[in-house]
Amino acid sequence: MAMRAQDRGHTRWGLVLPFIAVPVLVLGFLIVGLFTWALTDRDDPRAGGPAKAACAEVLLFGGARMPANTQADQCAVQRGIDTAYTAVLRMPREDVRGWLSETYPDAPRVRTDGSCGALCLDVTHEDGLPGTAEAHVVQVRVDYEDAETASVRFSAFTT
């Protein structure tokens, strides 16, 4: 069979190339999309970052209730392998010890050694956390803003 001059150099790549190029392009777009998605979801609560939460929910997770005359602020939850709730409360300085002793009557004594603020309390299920608490550990750190106001940092989390 003799080759004609017009058939010389002609291949079937014109038919095969689209079947190779299309999957390569689709795979490339999927890989680029995956990396873009992975690098931009750090503020997504589903990605394990902190999300706003109701302050009553934060306290309830730690077996506490909102004390009277208290302003709650910066309430958040972070979920992942463990769950962590945090809140900052501003309340009358004179009410802090009473609220802590009512909320956690079987807890260890409040520390006042200054190593973690004016007052510190760490409570676990083994040493005084109420049975209604979903948290495994509650940490309370108190700083006095002035002679009348206390800033209470409340953290409740699982381990």
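On the given criteria, is D43 farther than 23 Å from G131 by Cα and either at pLDDT 90 or above or open to solvent by 80 Å² or more (accessible area, probe 1.4 Å) (or both)? Steps first, answer last, please.
Numbers: farther than 23 Å from G131 by Cα: yes; either at pLDDT 90 or above or open to solvent by 80 Å² or more (accessible area, probe 1.4 Å) (or both): yes.
Yes.
What residue, among those in the range 132-145 that are in contact (Cβ under 8 Å) with a residue 24 or more places away in the chain and open to solvent by 30 Å² or more (accessible area, probe 1.4 Å), is nearest to R65 (Cα to Cα)?
Keep residues of the range 132-145 that are in contact (Cβ under 8 Å) with a residue 24 or more places away in the chain, which gives 132-135, 138, 140-145.
Subsequent filtering for residues that are open to solvent by 30 Å² or more (accessible area, probe 1.4 Å) retains 132, 134, 141, 143-145.
Working: T132: 11, E134: 13, R141: 16, D143: 20, Y144: 21, E145: 22 Å.
Step by step, filter the range 132-145, then rank; the result is T132.
Residue under question is D106, and the condition is that it be outside any strand (DSSP E or B) and open to solvent by 30 Å² or more (accessible area, probe 1.4 Å); does it hold?
Answer is yes for this residue.
The values are calculated or read from the model by the stated rules, or taken from the named source; none is laboratory data. Small disclaimer: the values here were computed from a predicted structure and weren't measured. Glycine also receives a Cβ, built like all others from the backbone with ideal geometry; neighbour counts cover every protein chain displayed. Remember, those area values only see protein heavy atoms, side chains included, never the ligands or the DNA or RNA. Shrake-Rupley method; radii C 1.70, N 1.55, O 1.52, S 1.80 Å.
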